[in-house]
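A short reminder: the numbers here are calculations on the coordinates, not readings from a lab. These figures come from a predicted structure and were not determined experimentally. FYI the Cβ positions are ideal-geometry reconstructions off the backbone, even for glycines, and counts take in every protein chain you see.
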Amino acid sequence: MAEQTSSQKIMRGRTSSLLTKDRVETLSDSLFAIVMTILVIDIKVPISFFPLSDSGLYYSLQSLGPLLSGYVVSFLVLSMFWMSHHVLFHAVSKNVNRQLITLNMFFLMFVALVPFSTHLLGIYHEYKTAVLVYGANIIVIGIVLVSMLSYALYSREIKNGKLTDRVIRRIKIRIMLPPLFAALAILTSSYSIPMSLFLFAFPIIFNIIPGSLTLLERLLHNTVSS
């Protein structure tokens with residue numbers, strides 16, 4: 001029985017050694033690039049079969065406003081997820097195993113669904129159901145990414161970089177911001193759809209404005225401490 005257990009560990013170690021982190025990162029980066037490109041492909045240039053004036057073209061372009069808004073929001077949201085994913089595999093996880101790769105595949109599966117939920121939101125932007133579907137998509141992506149981080153931090157098979165508690169806390173906050181604001185956006189959709197769209201993209205501010213994430217971290221730390 002002991003020999004069988006040790007052989008299983010050896011086989012698991014050999015299998016894990018065959019799974020390289022570079023392949024996982026390459027696949028993930030490629031999928032993000034494809035998904036972010038598909039977002040703009042869904043926006044079609046208005047075509048008129050009759051003579052069109054400048055004002056007519058203006059109104060035709062104006063009708064694309066919801067689709068363009070969805071594109072901008074989703075591009076920013078995906079940018080945040082990509083940055084968090086990069087930090088996870090660059091700073092936290094120094095190797096991969098089958099379990100982490102499986103979680104990453106689920107993560108990519110829901111990332112690939114974003115063009116659909118974005119297009120749905122752009123076409124049916126006046127319906128709360130569209131906001132709910134889009135928000136649920138973002139929340140699930142965030143939950144899976146949090147699961148990946150937790151597994152990478154606490155699994156005995158995953159080697160971690162030299163991370164302080166403060167760095168880990170900042171990574172967790174960065175990952176949790178998009179799904180938390182997505183949940184808030186869903187709740188806000190009953191009152192204002194434009195405000196919901198704004199809330200979906202709002203977390204990007206913490207990646208743009210220097211010191212904003214540090215300020216948020218301090219506020220959360222003081223709140224928890226008190």
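Classify the stretch 56-202 from the C-alpha gyration tensor, please: rounded if a/c falls under 1.5, else prolate or oblate depending on whether a/b exceeds b/c. Prolate is the answer for the stretch 56-202, as a/c is 1.5 or above and a/b outweighs b/c. Among the trypsin sites (Lys or Arg not before Pro) in the stretch 82-179, those located in a DSSP loop and surrounded by at most 16 other Cβ atoms within 10 Å of their own Cβ are K94, R156, K159, K162.
Ignoring lysines fewer than eight residues from K21 along the same chain, the ones with Cα atoms less than 23 angstrom from its Cα are K9, K94, K159, K162, K172. If you stretched the chain out fully between E126 and L19, how much longer would it get, using 0.36 nm times the residue separation minus the C-alpha to C-alpha distance? Extending this stretch completely gives an extra 34.0 nm.
Per-residue extension of 0.36 nm, minus the Cα-Cα distance of N160 and S192, leaves a gain of 7.2 nm for this segment.
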